[in-house]
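For reference, the structure discussed in these notes is given below.
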Amino acid sequence: MKQKKLIDYLNYKDILIILGAWYLTAVIILITKEIQFQYPLLTNIFHFLFIISGRFIFFTLVSLYLTSLYSVDFEALGLNFKKFMSQFKDSMSKIGLLFILVVVFINIPVSFLTGIEFFPLYKITGPESLISSLFPFLLVFTACLFISLSEQFILNIIIFELFRYTHINRLFSLVFSSLLYSIILVELQPGRILLNTLVALISILLYKKKDSIISASLFTAAYYSIYITYIYGFEFIRF
């Protein structure tokens with residue numbers, strides 16, 4: 001017997017409550033952007049930590065709400081750890097490719113240019129700087145897991161499964177859910193919409209493969225941490 005998914009239990013009131021909590025978190029986080037410290041780096045770190053805390057609280061409260069209201073387990077929430085190594089390998093192949101593309105074709109060339117605004121956490125100018133960047137990258141990656149987990153829950157378990165539940169064409173539900181990702185993230189700049197759509201497409205395909213948001217969360221966390229560490233710095237994540 002096929003296990004019921006979370007969307008099978010939810011009604012529109014539940015979905016509105018979850019989305020309402022999501023955007024309330026967004027508003028609170030965006031309000032904190034007004035808090036400024038003397039040093040820009042300290043301000044960026046504070047905002048980054050606040051985003052992590054907000055996402056963690058959101059996912060925890062929503063999980064408690066759903067598990068107390070319905071007979072669902074963590075697997076129904078997308079936290080399916082079956083075949084974890086297979087999920088890990090699926091995400092690592094994409095992560096490795098993205099890491100190489102960003103470091104080799106963006107960070108290293110731009111680091112040697114002058115007169116260009118470029119503020120990554122690390123500029124790679126040799127093997128030593130690459131090696132020294134790996135530990136901070138892993139720390140940022142660990143922190144970004146809290147951010148990506150909540151995003152993948154909204155994107156895959158709620159939005160994507162909602163379209164599938166209503167029997168909309170599978171290709172349409174994939175494309176439309178990916179396009180909605182930028183609205184979910186309150187990010188409507190044209191360049192970011194394109195980038196977010198591509199990331200969402202990959203994330204949904206990873207989710208569909210194992211019916212789990214684990215591999216999708218690992219990939220999205222790596223995407224954030226790579227862009228933060230090697231291109232944009234902490235300002236890359238607004239919400």
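Tabulated data for the structure shown
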item: Region 1-27: number of residues that are among the aliphatic types (A, V, I, L, M) and exposed (fewer than 13 other Cβ atoms within 10 Å of the Cβ); result: 4
item: Breaking point among (1) over 25 Å from GLN87 (Cβ atoms); (2) at pLDDT 95 or above, for ILE202; result: (1)
item: Single residue of TYR223, TYR232, TYR207 found to be among the hydroxyl-bearing types (Ser, Thr, Tyr) and under 12 Å from the mean Cα position of the chain (by Cα); result: TYR223
item: Elements of type helices (runs of 4 or more DSSP H) contained in region 119-221, each with 1 or more residues being buried (at least 21 other Cβ atoms within 10 Å of the Cβ) and among the small types (Gly, Ala, Ser); result: 127-152, 170-184, 190-210
item: Region 188-239: number of residues that are charged (D, E, K, R) and within 25 Å of LEU79 (Cα to Cα); result: 4
item: Selection from region 15-34 of residues that are touching a helix residue (DSSP H, G or I) at 6+ places or on another chain (Cβ under 7 Å) and farther than 20 Å from TYR65 by Cα; result: ILE28, ILE29, THR32, LYS33
item: Selected residue (only one of PHE74, PHE46 is part of a helix (DSSP H, G or I), modelled with pLDDT under 95 and of a type in the set (A, V, I, L, M, F, W, C)); result: PHE46
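The values are calculated or read from the model by the stated rules, or taken from the named source; none is laboratory data. From a predicted model like this one, the values you see are computed outputs, not experimental measurements. Don't worry about glycine lacking a Cβ; one is built from the backbone with ideal geometry, like all the others, and counts go over all protein chains shown.
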